[in-house]
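For reference, the structure is listed below as structure tokens.
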Amino acid sequence: MTARSVLAVGMVIFSTVLVGAQEISGSLDGFILDPEGLPVVEARVVISSSSLQGSRETITDARGRFLFIGLPVGTYGVRILHPVYQDASIQNIAVRLGRTTSLGEIRLTLRVQDAREITVSAERPTIDMASTSGSSNLEISIVETLPVQRNYRNLMLLLPGTTVTWAGEEANIAGATEIENRYFIDGIETTDPFRGVSGTRLPYNFIKELEVKVGGYEAEYRSSLGGVVNVITSSGGNEFSGQVFGFFANSRFAGEPRASSFQLPKGAFSQYDFGLSLGGPIIRDKLWFFAAYNPTFEREEVELPGSGTQLDSNTTHIFAGKLTWQASPMTSLVLTVNGDPSVRNAVGDTWGAMGPFQNFENPDPFLERIERGGVNFSLKGTQIVSNRFFLEADISRINRLERNLPSTERGRELCYIDYTTSSISGGLAGRMDNASFQTTFSVKGTWLLDRHLIKAGLDYRETRLDNDWTYWQLGRLGEDTYQVLDVYSGGTFRSRAPSVFVQDSWEASRRLRVNFGLRWEGQTLIASDGRASQRILDQFQPRVGIVYQLGELGTQKVYASFGRFYEELMLYVMSFHGTDKGQWGMINYDHDPRVDPTGGAAYILPSQIQPEVPGLKGQHYDEFSLGYERTFGKSFKVGVRGIFRTLREAIDNGTDPVSGVQFMGNPGSGPLSAFPKARREYSGLEFTIERIMGKRFTFFASYVLSRNYGNYAGLSDYGFAGPNCGSQFDQVEMYQQYFVGWLPNDRTHVFKFNGAYRWDFGLTIGTSVVWQSGTPLDEWGASRLGSPYWKLIRQRGTAGRIPSIFDLNIRVVYDITKSAGARTGLRAFLDIFHIGSRRSPVEFDTVHYFNQDANGNQIDPNPTYGWATRYFPPMSARLGLELGF
């Protein structure tokens, strides 16, 4: 072994000792047969691609089978060589992210002297015959023809199983809430470790392919209560290439938004971004680079009645970089970096939490400086020990910031709200200064042993949160009734999460494959005093799948799977239950404490580190799925899939009805035994059809029929991202009746169509159409505890439904200097969103009564009950230019 190879292998081993990383590659397999259908043994199979440094080769086994794993995503060519048979070549083979492309049976002909090599094209839809995963993929060439938002996270909304509420949240998957999704870039998780509210932003210009896993995936993957979103960025190549782009939209290209009484009036706005990317060789077939930068700018006028118009501005610096080094024919290293630090001078970001006001004595309670985003690094090493043994290792580090601070000097004062006159003055009530850091190490090995593809691995993740938040407010509740809220939390918290997995994909026959795997994950939470405050160790996750091929091999399959899926706790919960450096304070006065701060009746609850809950079970669900896929001809693929998910355990906090102390636990057991067990059941039937290999017309469409039933909405509590510390189990009285029913994310019907048509003269028109039925509404009233402890006064989900939504969007692309579909040359874009928008309500005020009398009857009706609090966006347009080279 050369000194360079020794160094490279040493770097791989070094990185292993330092994630359940997601896949960043694909696989390719097939069977080589002779004219009589018998296996061709020791045929030489050589593959090449512009995405692959150099070439790779293997030989067929006793069954004539060949397999390549860990291939960079892209389009490949395969050459088959054997001294007895005619050389054969297959071109245009698509290797997709996280999937196995099967070429099925390839029959060779006997060699004839001076005969030319036989070449065929494999341009046709492919079915992954090795997996039961309910996943969908999008290539950048498809995305560029569709009217989509700039952030890659919005692309998932094109795919089946995903929905959006249009009430300020991101995508929901399979009945879960937005913060139950996990986001990966180049195989490394970038989800916010504090609250899970987002992952790193990237424009679609930077990515090569996107994959969304809805369920049914194997034991090698860390899981979530929702879905897993995985993208890979570009990697450079042997030829220099790049792109310069810019996109622009403003209020002149948009209809008038419909504002509710719960929102501040909005004025003129503008959104624009520009960027560039460049990739190519440093050393051909040895060292490639990719670098990209995309600053984005958003500006909007917001009116504060009585205080004039304020400017809300946001600037984000998005970047990505990658170095790919082929250290030896069998060893490679990939170094990636990406980030999205942003600064926003916000107006009214806390508005929704504070309610509608009629009088603004000064603007400062609504002016804040918000800092978000961060920077991520990763190093991935791969070692092909032999054609039957493959080693991967990762080390990654993510840094995220969540900071909300006053943007003015007066904003540091006490916030004063006069509820009797609906007026507000003083400073900013809620302030936050949090920084999260997460380091992950992993190693995974893959062995091909006869008919078994065995994978095993381990990873270790350590997360740290530096936490500091406060809420400081004085409220006037009546003529001589005042109340001060003084709440704060601080400290440094940590989480340690090891995991181990093993899985086997057994090819029982050419038609039957059985997948079985077992994953174990543990988590230890470290409180602000540096001690372990909670351990969750009993998290075993069996995952089983069966695939059976029907008809011609590689053209259709029926599959079934069962799996258990856990999601680790984010550190938000520790700011409530893992710190001794905070308090919940409430002081009641019969006079204005700003004039005389003495004489108040104080209720101060100092923060305490909750004792460990014995036998606390991790949050998880069980999933069953059954599906069928097949291809038709050279262009079409159809599928049907049924899925059933049932939540087995949740983790939330609630108040003990005897002691009045709030605990974290599993609802229905331990310290929360007075509460009902958390329940969420999602069932769905999914139909898909696609034609993505067409020269002119491509499309993919889906229809999902689903129901979502239970008593637990999820980690996001009615739009508030407070994972494991929501209001759903705060007080026992809130859930004594009407508690079980249709959940907020129950969207029965969702139809999607996405397609594009290309003309030879350079014009492409793409469209995205969504029709989705409305979600259920609840009716809330007062409990004996008063605000904010509302209780359901009608069966959950039976107070009506939000109107259904029809959303039509169109993209027009004109290739000014090249033919339609080319990625080089100058292209102009026109996007038109929400064509014919009726600006229908998408959210309502559902609190009907504010108080109850001594007999428990509801009194003091809310005058805004049933009013819309948000509306669907108006029609708008965006212009763009891209120059590819």
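Taking the criterion of being more than 28 Å from residue 345 (Cα to Cα) and either modelled with pLDDT of 95 or more or among the hydroxyl-bearing types (Ser, Thr, Tyr) (or both), would at least one residue in the range 255-275 satisfy it?
The answer is no, given that none of the residues of the range 255-275 is more than 28 Å from residue 345 (Cα to Cα) and either modelled with pLDDT of 95 or more or among the hydroxyl-bearing types (Ser, Thr, Tyr) (or both).
Are there any pairs, at least 6 apart or on different chains, whose C-beta atoms fall under 8 Å, with the first in the range 777-789 and at pLDDT below 75 and the second in a strand (DSSP E or B) and open to solvent by less than 20 Å² (accessible area, probe 1.4 Å), and if so, which?
Pairs that qualify, where the first residue is at pLDDT below 75 and the partner is in a strand (DSSP E or B) and open to solvent by less than 20 Å² (accessible area, probe 1.4 Å): there are none.
If a residue must be out of contact with any Leu (no Cβ under 8 Å at 6 or more places or on another chain) and either among the hydroxyl-bearing types (Ser, Thr, Tyr) or crowded, with 24+ Cβ neighbours inside 10 Å (or both), how many such residues does the range 164-177 contain?
Number satisfying all stated conditions: 4.
Filter the range 194-213 down to the residues that are in a loop (DSSP other than H, G, I, E, B) and either open to solvent by less than 10 Å² (accessible area, probe 1.4 Å) or polar (S, T, N, Q) (or both) and list them by number.
Once the filter is applied, which keeps residues that are in a loop (DSSP other than H, G, I, E, B) and either open to solvent by less than 10 Å² (accessible area, probe 1.4 Å) or polar (S, T, N, Q) (or both), the range 194-213 yields 194, 196, 198, 199, 200, 202.
Yes or no: residue 422 open to solvent by 30 Å² or more (accessible area, probe 1.4 Å), of a type outside the set (Val, Ile, Thr) and either under 22 Å from the mean Cα position of the chain (by Cα) or under 27 Å from residue 592 (Cβ atoms) (or both)?
Yes, satisfied.
Among 408, 382, which is the only one that is in a loop (DSSP other than H, G, I, E, B) and either buried (at least 18 other Cβ atoms within 10 Å of the Cβ) or at pLDDT below 95 (or both)?
Unique residue meeting the criteria: 408.
Does any residue of the range 300-315 turn out to be within 20 Å of residue 53 (Cβ to Cβ), of a type outside the set (A, V, I, L, M) and touching a strand residue (DSSP E or B) at 6+ places or on another chain (Cβ under 9 Å)?
no
Go through the range 247-268 and give me each residue that's open to solvent by 30 Å² or more (accessible area, probe 1.4 Å), of a type in the set (Gly, Ala, Ser) and in contact with a Ser or Thr (Cβ under 8 Å, 6 or more places away or on another chain).
Answer for the range 247-268, where residues must be open to solvent by 30 Å² or more (accessible area, probe 1.4 Å), of a type in the set (Gly, Ala, Ser) and in contact with a Ser or Thr (Cβ under 8 Å, 6 or more places away or on another chain): 251, 255, 261, 267, 268.
What's the total number of residues in the range 590-628 that are open to solvent by 30 Å² or more (accessible area, probe 1.4 Å) and in a strand (DSSP E or B)?
Here the count works out to 9.
Mind checking which residues of the range 78-134 are in a strand (DSSP E or B), modelled with pLDDT under 85 and of a type in the set (S, T, N, Q)?
Listed by number, the residues that qualify are 119, 121.
Exactly one condition in (1) surrounded by 15 or more Cβ atoms within 10 Å (Cβ to Cβ); (2) in contact with a strand residue (DSSP E or B) (Cβ under 7 Å, 6 or more places away or on another chain) is false for residue 572; which is it?
Going through the list (1) surrounded by 15 or more Cβ atoms within 10 Å (Cβ to Cβ); (2) in contact with a strand residue (DSSP E or B) (Cβ under 7 Å, 6 or more places away or on another chain), residue 572 breaks only (2).
Of all residues in the range 247-295, count the ones that are under 26 Å from the mean Cα position of the chain (by Cα) and farther than 21 Å from residue 316 by Cβ.
Residues in the range 247-295 being under 26 Å from the mean Cα position of the chain (by Cα) and farther than 21 Å from residue 316 by Cβ: 0 in total.
Filter the range 209-256 down to the residues that are among the charged types (D, E, K, R) and touching a helix residue (DSSP H, G or I) at 6+ places or on another chain (Cβ under 8 Å) and list them by number.
Selection gives 209 alone.
Within the set of pairs 6+ apart or on separate chains, which have a first residue in the range 633-651 that is within 30 Å of residue 538 (Cβ to Cβ), a second that is of a type in the set (Phe, Trp, Tyr) and assigned to a loop (DSSP other than H, G, I, E, B), and C-beta atoms under 8 Å apart?
Taking only residues 6 or more apart or on different chains, the pairs are 647/712; 650/712.
The values are calculated or read from the model by the stated rules, or taken from the named source; none is laboratory data. Every value quoted in this text rests on a predicted model; they were computed, and no experiment measured them. For neighbour counting, all protein chains shown are included, and Cβ atoms are generated from backbone atoms with ideal geometry for every residue, glycine included. Calculation scope for accessible area: heavy atoms of the full protein, side chains included, ligands and nucleic acids excluded. Shrake-Rupley method; radii C 1.70, N 1.55, O 1.52, S 1.80 Å.
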